[in-house]
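Contents: one structure, followed by commentary.
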Amino acid sequence: MKKAFAFMLACSLALGVAACNETASKEQTTLSWWDTYGRDGTEKSVIDAIAKYEEAHPDVKIERVSVPFSEMQRKLLLAMVGGELPDIMIVDNPNHQALSAAGATADLTELVEQWGEADQYFEGPWESTMYQGRNFGIPFGSNNLALFYNNDLLEKAGVKPPTTWDELKEAVPHLAGTTDGYPFSVAAVRSEEGAFQFLPFLWQAGGDLHQLDSEATREALALWKEFIDSGYMSREVLSLNQQDIALQFVNGNTAMMVNGTWQVEQFRDSLEFDWGVVPLPAAEAQATVIGGENFAIGSSSEHIQEAWDVIMFMQEEEVLMQMVKDKHYLPARKDLIEDPYWQEDEMYEPFAESMEFARARAYGEQYPAISNEVQNMIQAALSGSIPIDEAIQETASEVNALFEKNQ
């Protein structure tokens, strides 16, 4: 009793009773945060945003951990088993549904409904946060694939950047004589990058993974194989990733390539030739694929409301715009992508335009295994180890079985 009275007396003399009560009742909350951004400059986007939040909310401390990209999924699943998931996580959008199916991410449906801004997001990024009709996250930023071209080589060949498959097929023979390299390049490596690059062509042909044994799949694979067999695309694409083909482009060894938003700032003011970007050529439909990350909250978090408040802060226009710019991404929000930063930049504008028809790899929790089968199909068909029809039929059987395993 005497100690309590002494404490209240001291507070009254120094600050006033009201201020002391507030200090006594307001303890600092510590939130854990995991992302995969390393010391390549991309971590600036989150470091600065976290600092802004902590300055505006001194009662919250955010402890950030950078996890290697290749280890994030495994570490999250291990943390889930131990009940030690981070309060806030930024996850690769194709992995989001698998994490939600495993029970690693908190169901945010009610909070999202109360917020009321879901309709401000493009369909592709938003779909990647959904699982079984429930919402398990908020998109952070997006990227997608488009067609980069060496305008010096195109002008030399007398062709314009292709906007359709037919124009692409017409352009590559003319480009064959303008370079010591190849007219066209994709990354067909046996990894997620290979599937990432193939899916837009499958969708453009009118196909989908749910109906893989189709004429559309045959057309998409045949297009790539025809280019390889005709010498318009290197056989080495089977082992090349997206950075590898970017280096070929930089060195003038490919006239056109399929690559992503993240390459723009690497190329700007550094290439020794005139270059440009257009949306991917269309066939039956116009399509590209989205990459990027989403915010999520760990299902074992004891501070879901506090974590949600942080994510809402990160969605404020000024904060989110700076984060996306620092990451060299595109906004996942329709309203923000109208900003001149993307609309009046001739290199970013094609990617911004493509967000309207960009699709997510939202195929349920079995997508990683499905992607692995698709990668095997690409390798088999393009290498010629088995006929295209056989590769498709074998893969379709495996993929259909995996879809049946989805919850």
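Here are the numbers for this structure:
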item: Considering only the chain, percent of DSSP beta bridges that pair antiparallel, nearest 5; result: 65 percent
item: Charged-residue dipole, Cβ positions (Lys, Arg, Asp, Glu), segment 204-331 about Cα centre, Debye nearest 20; result: 420 debye
item: Protection proxy ranking of 167-176, 287-296 - average other beta-carbon atoms within 10 Å, highest first; result: 287-296, 167-176
item: Cα-only radius of gyration and Dmax that characterise segment 24-163, units Å; result: 19.7, 75
item: For segment 82-88, 3J(HN,Hα) per residue [Karplus equation, 6.51 cos²θ - 1.76 cosθ + 1.60, θ = phi - 60°, Hz, x = Gly/Pro]; result: x, x, 10, 5, x, 5, 10
item: Long-range amide H partners of LEU31 with built H, under 5 Å; result: LYS61, ILE62, GLU63
item: Where N is the number of residues in the chain, Cα Rg divided by 2.2 N^0.38 Å; result: 1.14
item: From phi via Karplus (6.51, -1.76, 1.60), per-residue ³J(HN,Hα) for segment 387-400 in Hz, x at Gly/Pro; result: x, 3, 4, 5, 4, 5, 4, 5, 5, 4, 4, 5, 5, 4
item: Positive-end extreme of charge dipole, the chain - chosen from GLY158, ALA222, VAL374 (charges on Cβ); result: VAL374
item: For segment 214-306: rounded, prolate or oblate by the Cα gyration tensor [a/c cutoff 1.5]; result: oblate
item: In degrees, nearest ten, helix 317-326 long axis to first principal axis of the chain (Cα); result: 50 degrees
item: J(HN,Hα) series, segment 370-382, from Karplus relation 6.51 cos²θ - 1.76 cosθ + 1.60, nearest Hz, glycine and proline x; result: 4, 4, 4, 5, 5, 4, 4, 4, 4, 4, 5, 5, 6
item: Helix 192-204 vs. the chain, principal-axis angle (Cα, 0 to 90°, nearest 10); result: 70 degrees
item: Overall form of segment 162-244 per C-alpha gyration tensor (a/c, 1.5; a/b vs b/c); result: oblate
item: With Cα atoms, 0 to 90° folded angle of helix 304-314 axis to the chain main axis; result: 60 degrees
item: Residues of segment 263-288 with amide N under 18 Å of a point placed 7 Å along Cα→Cβ from ALA222; result: 282-285
item: Long-range HN-HN contacts of GLU293 with modeled amide H, under 5 Å; result: ASN93, PHE140, GLY141
item: Kirkwood-based shape ratio for segment 254-346, expressed as Rg/Rh from alpha carbons; result: 1.06
item: Inter-centroid distance (Cα atoms) of segment 281-357 relative to segment 108-175, Å; result: 11 Å
item: Global form of segment 157-209, assessed from the alpha-carbon gyration tensor, a/c cut-off 1.5; result: oblate
item: Dipole moment magnitude, nearest 20 debye, the chain about Cα centre, only Lys, Arg, Asp, Glu C-beta charged; result: 1120 debye
item: Theoretical FRET efficiency, 1/(1+(r/R0)^6), r = Cβ-Cβ of GLU167 and GLU84, R0 51 Å, to 0.05; result: 0.45
item: Full-extension gain in nm, GLU27 to PHE267, via 0.36 nm per residue minus C-alpha separation; result: 81.6 nm
item: Förster radius 35 Å - calculated FRET efficiency between ARG134 and ALA401, Cβ distance, rounded to 0.05; result: 0.90
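Every number in this text was worked out from the coordinates using simple rules, so none of it is lab data. Everything numeric in this text was worked out from a predicted model, so none of it was measured. A quick note on method: Cβ atoms are made from the backbone with ideal geometry, for glycine too, and the neighbour counts reach across all protein chains shown.
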